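A.B. asks: Supplied in structure tokens, the structure appears directly below.
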Amino acid sequence: MDNTLLIRTAYLIAAVLFIVGIKMLGKTPTARRGNTLSATAMLIAILATLLDTQILRFSEIFVTILVASAIGVYAARKVEMTSMPEMIALLNGFGGLASALVSTSEYWRMTQETGIGINTVIGISITLSILIGAVTFTGSMVAFSKLKGIMSGKAIVFSGQHYINLMLLIAAIVFSILLIINPSAQIWVISILTTALVLGVLAVIPIGGADMPVVIALLNSYTGIAAAATGFVLNNKALIITGAIVGTAGLILTQIMCKAMNRSLVNVVLGGFGQTTGSGDNGGEDIVVKEVGVEESAMLFDSVSSVIIVPGYGMAVAQAQHAVRELSELLEKRNISVKFAIHPVAGRMPGHMNVLLAEANIPYDKLIEMDHINDEFATTDIALIIGANDVVNPAAKTNSESPIFGMPVLNVENAQTVIVCKRSMNAGYAGIENELFGYPNCLMLFGDAKSSITAVINELKEM
């Protein structure tokens with residue numbers, strides 16, 4: 001088998017594994033195997049590319065792989081589950097930056113070093129790769145900063161912001177056309193890159209924290225699209241296929257999340273166009289809450305027949321998933337029905353709660369999606385909310401001034417009793433008060449989720 005046929009066969013195998021792997025990632029029970037298949041596909045693609053490379057020496061390539069792998073392994077082992085969204089934002093950003101830099105480098109090689117020039121197709125591919133890659137990089141850095149708390153998670157808006165974004169986009173398109181017409185003029189590449197970097201910042205800052213999971217999914221799709229465009233620049237079929245898969249999957253995920261949050265995909269793509277800055281406060285009135293203790297909570301659990309547990313980011317922060325599993329098993333031994341209600345954007349990224357509960361060996365069939373469990377709250381004795389906030393805020397249905405108005409939420413207020421396990425009265429990631437806490441059937445169990453749930457378990461064992 002000659003070298004070309006071997007490389008093409010390897011790319012074909014890698015492409016098939018990518019498709020099968022991403023299909024398996026769609027279901028929690030098969031996600032781990034899907035991830036392994038996709039990683040194997042990436043390894044095959046890298047090895048095939050090494051056989052095909054004529055740019056760098058093997059020593060340079062292996063040193064780069066060694067250093068990058070060491071950084072990747074260190075980061076993956078150190079990052080906590082609660083910081084995974086920030087990790088994904090960084091990965092998206094660096095993926096976009098890599099595409100922009102590779103395409104810029106190829107442009108320089110073709111037009112300045114070798115003088116072979118670029119045709120229209122390559123010119124369009126280069127401009128798309130630089131434009132989308134640079135937007136993804138700075139947009140992801142803003143998303144990372146908001147998730148990390150480096151900058152405010154609230155929407156940052158100012159007069160004329162969207163018109164400025166529109167003008168920057170038009171300018172980037174004009175610069176791209178000028179580059180294709182006159183490829184040797186370096187000024188147009190620099191102009192595209194600079195404009196795209198600014199556009200990435202301005203497109204993400206008006207998006208509030210409640211919509212950040214959607215932004216992460218969208219930026220992930222941008223990374224794939226930029227990689228696919230870079231694949232055309234390099235004439236690398238594996239990169240084209242992989243980028244197209246990532247871009248398409250990211251867009252589908254974004255659409256699903258927009259539907260779950262009652263957001264317009266067009267608005268999100270345009271950088272939060274239509275974003276409101278309403279505070280969602282209840283007319284400035286203080287919410288009066290009723291506090292419940294550990295012993296009283298245990299007595300309530302001991303007297304009911306059905307419980308729905310709603311996990312949120314607070315459970316992840318407290319690493320309370322194992323205590324929650326122990327509580328659910330203890331309740332089931334007392335013939336109490338226990339289910340878990342999963343909101344699509346609970347936590348800070350899609351599937352965040354599923355991963356945590358799976359880590360605690362909670363059966364998959366106990367995890368019920370929002371659309372399938374919302375009607376059950378009305379016939380449930382206790383809705384136990386652990387660290388969730390915005391996804392259970394009735395303001396999404398009752399307060400048209402709220403930034404989350406229209407977002408589908410879990411109907412926990414319909415349960416006979418609602419127990420909210422929370423550290424304090426601080427607002428959730430959307431930065432607004434939760435009117436649920438003042439409802440007559442809502443009881444606040446203040447404290448660290450892991451400590452509080454463990455204390456409830458100990459009380460129950462003594463009853």
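The values are calculated or read from the model by the stated rules, or taken from the named source; none is laboratory data. Because the structure is predicted, anything quoted here is derived from the model rather than measured. FYI the Cβ positions are ideal-geometry reconstructions off the backbone, even for glycines, and counts take in every protein chain you see. The accessibility values were calculated without ligands, DNA or RNA, using every heavy atom of the protein model including side chains. Shrake-Rupley method; radii C 1.70, N 1.55, O 1.52, S 1.80 Å.
A.B. asks: Sorted by average packing, counted as other Cβ atoms within 10 angstrom per residue and highest first, what order do 247-259, 288-300 take?
C.D. replies: Details: 247-259: 18.3, 288-300: 15.5.
Answer by packing, highest mean first, reads 247-259, 288-300.
A.B. asks: Sticking to Cα atoms, compute the Rg of region 285-419 to one decimal and its Dmax as the biggest Cα-Cα distance, whole number, in Å.
C.D. replies: My reading of the Cα-based Rg and Dmax gives 14.6, 45 Å.
A.B. asks: If you don't mind, there's one more thing I want to ask. Based on the alpha-carbon gyration tensor of the chain, what equivalent-ellipsoid semi-axes (square roots of 5 times the eigenvalues) come out, in whole Å, largest first? Intermediate values should be presented prior to the final figure.
C.D. replies: Values: eigenvalues 431, 144, 52 Å².
The three semi-axes for the chain are 46, 27, 16 Å.
A.B. asks: With θ set to phi - 60°, apply the Karplus curve 6.51 cos²θ - 1.76 cosθ + 1.60 along region 309-325 and write out the HN-Hα couplings as whole Hz, x wherever there is a Gly or Pro.
C.D. replies: 9, 10, x, x, 4, x, 5, 5, 4, 7, 6, 9, 4, 6, 5, 5, 4
A.B. asks: Please list, or write none, the aspartates and glutamates whose alpha carbon is within less than 16 Å of the alpha carbon of residue 333, excluding same-chain residues fewer than 8 places away.
C.D. replies: 302, 459, 462
A.B. asks: Run down the aspartates and glutamates and flag those whose C-alpha is under 15 Å from the C-alpha of residue 290, throwing out any fewer than 8 positions away in its chain.
C.D. replies: 413, 435
A.B. asks: Once you order the gyration tensor axes a ≥ b ≥ c over the Cα atoms, which shape class does region 344-439 get: rounded for a/c under 1.5, otherwise prolate or oblate by comparing a/b with b/c?
C.D. replies: On the way: a/c = 1.56, a/b = 1.32, b/c = 1.18.
Prolate shape, in that a/c is at least 1.5 and a/b is the bigger ratio.
A.B. asks: Could you give each residue of region 109-126 its phi-based ³J(HN,Hα) in whole Hz, using Karplus coefficients 6.51, -1.76, 1.60 with θ = phi - 60°, and x for Gly or Pro?
C.D. replies: Here the 3J(HN,Hα) series is 5, 6, 9, 10, 8, 9, x, 6, x, 9, 7, 5, 4, 5, x, 5, 5, 4 Hz.
A.B. asks: Another question, if that's okay. Once you have a ≥ b ≥ c as the square roots of the Cα gyration tensor eigenvalues for region 1-75, tell me rounded if a/c is under 1.5, and otherwise prolate or oblate according to whether a/b is larger than b/c. The partial results should precede the final answer.
C.D. replies: On the way: a/c = 4.34, a/b = 1.29, b/c = 3.37.
Oblate, since a/c reaches 1.5 and b/c is not below a/b.
A.B. asks: Using per-residue counts of other Cβ atoms within 10 Å, averaged over each peptide, order 107-119, 386-398 from highest down.
C.D. replies: Numbers: 107-119: 13.6, 386-398: 24.2.
Put in order of decreasing packing, that is 386-398, 107-119.
A.B. asks: Near residue 154, which lysines are there with a Cα under 23 Å away, not counting those fewer than 8 places off in the same chain?
C.D. replies: Here the lysines satisfying the reach criterion relative to residue 154 are 146, 259, 397, 422.
A.B. asks: Sort 212-223, 13-24 by the packing proxy (mean of other Cβ within 10 Å over each peptide's residues), most packed first. List each step's numbers first, then the result.
C.D. replies: Details: 212-223: 25.7, 13-24: 18.3.
The most tightly packed comes first, giving 212-223, 13-24.
A.B. asks: Given the -39500 (n - 2.57) contribution per DSSP H run of 4+ residues, what per-residue ellipticity at 222 nm results for the chain, rounded to the nearest 500 deg cm²/dmol? Write out the running numbers ahead of the final one.
C.D. replies: Values: 17 runs with 271 residues, N = 463.
Per the formula, -19500 deg cm²/dmol.
A.B. asks: If you place +1 on the Cβ of every Lys and Arg, -1 on the Cβ of every Asp and Glu, and leave all else neutral, what size is the dipole of the chain about its Cα centre, to the nearest 20 Debye?
C.D. replies: Working: 27 positive and 33 negative charges, 305 e Å.
About 1460 debye.
A.B. asks: Right, next: Where q = 0.32, 0.35 Å⁻¹, what log10 of I(q)/I(0) comes from the Debye formula for region 132-172, counting one point per Cα?
C.D. replies: The Cα Debye sum returns log10 ratios of -0.99, -1.01.
A.B. asks: Going by amide H atoms built from the backbone, whose H comes under 5 Å of the H on residue 306, apart from near neighbours?
C.D. replies: When sequence neighbours closer than 5 places are left aside, the close amide H contacts are 337, 381, 382.
A.B. asks: Could you give me the ³J(HN,Hα) list for region 98-104, computed from phi with Karplus coefficients 6.51, -1.76, 1.60 and θ = phi - 60°, whole Hz, x at Gly and Pro?
C.D. replies: Whole-Hz 3J(HN,Hα) from phi for region 98-104: 4, 4, 5, 5, 5, 5, 5.
A.B. asks: Roughly how tilted is helix 58-78, in degrees to the nearest 10 and between 0 and 90, from the longest Cα axis of the chain?
C.D. replies: Here the helix axis deviates by roughly 10 degrees.
A.B. asks: Oh, and also: Checking a compactness column here: for region 61-141, what do you get for Rg(Cα) / (2.2 N^0.38 Å), N being the number of residues? Write down the numbers at each step before the final one.
C.D. replies: Numbers: Rg = 16.1 Å, N = 81, 2.2 N^0.38 = 11.7 Å.
Compared with the compact-globule rule of thumb, region 61-141 sits at 1.38.
A.B. asks: Please state the shape class of region 283-352: rounded when a/c is under 1.5, otherwise prolate if a/b exceeds b/c and oblate if not, all from the C-alpha gyration tensor. Please report the intermediate quantities before stating the final value.
C.D. replies: Values: a/c = 1.96, a/b = 1.13, b/c = 1.74.
Cα axes put region 283-352 in the oblate bin.
A.B. asks: Please compute the per residue accessible area over the chain with all protein chains in place, 1.4 Å probe, rounded to a whole number of Å². Before the final figure, lay out the partial values.
C.D. replies: Working: 22200 Å² over 463 residues.
Spelled out: the 1.4 Å probe surface of the chain, per residue, equals 48 Å².
A.B. asks: Between region 19-50 and region 112-159, how many Å separate their Cα centres?
C.D. replies: 26 Å
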